[in-house]
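Below is one structure, written out as structure tokens, with a few remarks after it.
The values are calculated or read from the model by the stated rules, or taken from the named source; none is laboratory data. Treat the numbers as computed from the prediction; the structure is a model and nothing was measured. Methodologically, a virtual Cβ is constructed for each residue, glycine included, from the backbone with ideal geometry; neighbour enumeration extends over all protein chains shown. What goes into the accessible areas is simple: the full protein's heavy atoms, side chains included, and nothing from ligands, DNA or RNA. Shrake-Rupley method; radii C 1.70, N 1.55, O 1.52, S 1.80 Å.
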Amino acid sequence: MLRLLGYSFAALLLSGCLAHKAHAQRSPFSVGTAADAPGKKATGYLVVPAGVDAGTMLPVVVIEGGKPGPVLALVSGAHGTEYASIVALESVANLLDPAEISGTVILLPLVNVASFERKVPHLNPVDNKSMNRFYPGKADGTQTERVSFLITKEVVDRCDFLIDYHGGDLDESLRPYAYWAPTGKEAQDRVSKEMVLAFGLDHIIVWRDRPTDLNATRYLDNTSTARGKPSIVVEAGYAGTVESDDVRLLVNGTLNTMRSLKMLAGDPHPIENPVWLDRVVDIISDGPGIWYPLVKRGTYVQEGMEVGYVTDYFGNRIFEAHAPVAGVVLHINAVPSLQKGDNIADIGVVASHAP
Ligand SMILES: [Zn+2]
């Protein structure tokens, strides 16, 4: 373990020195144990040594195109039961032909291996932490923090652009949407907006006022954004399903975004009239009980409309959930189980005008 740790620190120092100048092709480009020559696909692992808890190994694919260009990072599976996004990245890894790519693609299809293997939603069961809240991570923290630290150094610091893939978790019925987080830096925001429009999901949340302190960025995409790399988040899939429609949205969106970044040839066909949302409001459960939804994912609701109710275990209604705002149901609890404090639904509020 100590030897591994020493090795990875040496590698990190090296990659840190090269990070800013390295983007215009370097041979071979390696991430973790995945290294290969231009024009090839390499597979391997980001090895996270044991520390205060168990170590883990994250699968990584590096596809170094035959032509020079930028480095794009594609990351999914921070929540290991958001299956459609994980399957989509497996598909992207198989579909991409190095001969057609300008630049390099780093794919991390499954960040939260324990969540996937044990079918645990939301959290990494090793330390009970969300794997998208502890960036930039800590070298000596729990597993989630050590994974986040390694991804920051090995992937975020070395990419030019990043896409983070999510979806409805095992208990979330979700309609597809994306996040765009403007920073106020015109050049960066123009590229990230081009990316999110090229990706093509038809509802886009404008996520403003995010942490800019590099040591407190929390989310993966924000970690990348705060370091000056245009980044977006995309969500599709729901409640344990892997519907071909959802996977297709994520795969085609990725290829179109690569076209917009000139990493693949062809017209990206950006979406022209998405619904822009400028706020997301949660509905939280008041107590434990049995959930009965009255609306579906994607339903547009009026302020005050009943979206579902909760009964006790004798069938008595104990809580009615009303939409606190008018908007679109981005996701709604997909299963009867509810605890106090659980998220029942997220309502996206339509922006008064496009940004
Ligand atoms: Zn997620």
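Worth pointing out:
- All positions within region 284-296 that are under 18 Å from residue 348 (Cβ atoms) and either basic (Lys, Arg) or assigned to a strand (DSSP E or B) (or both): 284, 293, 296
- Qualifying strands (runs of 3 or more DSSP E) (wholly inside region 4-74; at least 1 residues being at pLDDT 50 or above and of a type in the set (Phe, Trp, Tyr)): 29-31, 40-48
- In region 113-133, residue most open to solvent (accessible area, probe 1.4 Å) [restricted to those that are of a type in the set (Val, Ile, Thr) and over 11 Å from residue 82 (Cα atoms)]: 126
- Restricted to strands (runs of 3 or more DSSP E) entirely inside region 297-355, those with at least 3 residues that are open to solvent by less than 20 Å² (accessible area, probe 1.4 Å) are 306-311, 327-333, 343-350.
- Residue within region 215-222 that is among the small types (Gly, Ala, Ser) and surrounded by 13 or more Cβ atoms within 10 Å (Cβ to Cβ) present: no
- Subset of region 134-169 that is open to solvent by less than 10 Å² (accessible area, probe 1.4 Å) and charged (D, E, K, R) - its residue that is nearest to residue 232 (Cα to Cα): 164
- Check on residue 196, open to solvent by less than 20 Å² (accessible area, probe 1.4 Å), more than 15 Å from the ligand (Cβ to nearest atom) and without any contact (Cβ under 8 Å) to a residue 60 or more places away in the chain: yes
- Taking region 35-64 as the range and being touching a strand residue (DSSP E or B) at 6+ places or on another chain (Cβ under 6 Å) and either farther than 30 Å from residue 142 by Cβ or among the small types (Gly, Ala, Ser) (or both) as the test, the residues that pass are 35, 36, 38, 41, 42, 44, 55, 63, 64.
- Any hit, region 262-269, residues being part of a loop (DSSP other than H, G, I, E, B) and within 21 Å of residue 182 (Cβ to Cβ): yes
- Failed item, numbered, when residue 169 is tested on (1) within 13 Å of the ligand (Cβ to nearest atom); (2) closer than 21 Å to residue 54 by Cβ; (3) of a type in the set (Asp, Glu): (2)
- For residue 227, the criteria (1) modelled with pLDDT under 95; (2) under 20 Å from the mean Cα position of the chain (by Cα); (3) of a type outside the set (Phe, Trp, Tyr) hold in every case but one, which is (1).
- Qualifying residue in region 84-103 (condition: in contact with an Asp or Glu (Cβ under 7 Å, 6 or more places away or on another chain), small (Gly, Ala, Ser) and under 30 Å from residue 65 (Cβ atoms)): yes
- Residue check for residue 173: touching a strand residue (DSSP E or B) at 6+ places or on another chain (Cβ under 9 Å), touching a residue at least 60 places away in the same chain (Cβ under 8 Å) and either surrounded by fewer than 21 Cβ atoms within 10 Å (Cβ to Cβ) or not aliphatic (A, V, I, L, M) (or both): yes
- Scan of region 149-168 for residues that are part of a helix (DSSP H, G or I) and among the aromatic types (Phe, Trp, Tyr), ordered by number: 149
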